[in-house]
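**Q** If you scroll down you'll find the structure; I have some questions about it.
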Amino acid sequence: MDNLNEKILIELAKNGDKDAFCQLIKQVEKKLFRVAYIISPEDAEDIVQDTFLQAYSSIKKFKGQSSFYTWIYRIMMNLIYKKYRRKKANFKKSIIKYENNNDEELKEKLRIALTKLHPKYNQIITLFYFEDYSIKEISEILNIKEGTVKSRIFKAKKYLKKFIEKNEPF
């Protein structure tokens with residue numbers, strides 16, 4: 001979606017146009033679901049639906065300082081953090097299939113390792129490696145410094161390597 005079209009749809013949605021809001025949602029729903037599924041496969045659909053409801057009720061507050069995707073992604077991550085803080089549970093994560101690797105044992109170790117990562121590291125790994133965002137884009141999406149993104153990627157890789165090689169807890 002081009003920027004002009006997105007801005008027009010946002011303004012229409014802010015003025016109560018449900019069809020415009022639905023068009024915005026259609027542009028981002030697959031990406032949001034993919035991220036939610038990586039974080040919590042069991043709750044992905046509920047997370048995305050809750051995100052849409054929250055976005056719909058908050059659309060008038062959208063200031064346009066970021067893309068619609070960045071704004072709604074932040075809403076989703078805030079809902080996820082709130083939900084998991086309330087439950088005081090670890091994120092239950094899954095991983096997208098690895099296409100060029102036939103080592104099933106390694107795949108399983110990596111899946112398990114990802115479930116053990118702290119959410120802030122899992123989020124960075126998901127955005128960088130599975131969603132193909134640049135460090136600068138991740139910095140904007142999460143509203144953190146680029147150096148923080150780099151640091152978290154480095155630490156997450158270190159934790160993953162440690163777990164996979166030694167099967168040690170984090």
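**Q** In whole Å, what are the Cα extents of segment 3-87 along the three principal axes, biggest one first?
**A** Extents along the principal axes: 37, 22, 21 Å.
**Q** Among 10-18, 115-123, how do they line up from the highest to the lowest mean number of other beta-carbon atoms within 10 Å?
**A** Taking the mean over residues of other Cβ atoms within 10 Å, the ranking is 115-123, 10-18.
Laboratory data are not the source of any read-out in this text; all were calculated from the coordinates shown. Fair warning: this is a prediction, and the values are worked out from it, not measured in the lab. Please note: Cβ atoms are built from the backbone with ideal geometry, for glycine as well, and neighbour counts cover all protein chains shown.
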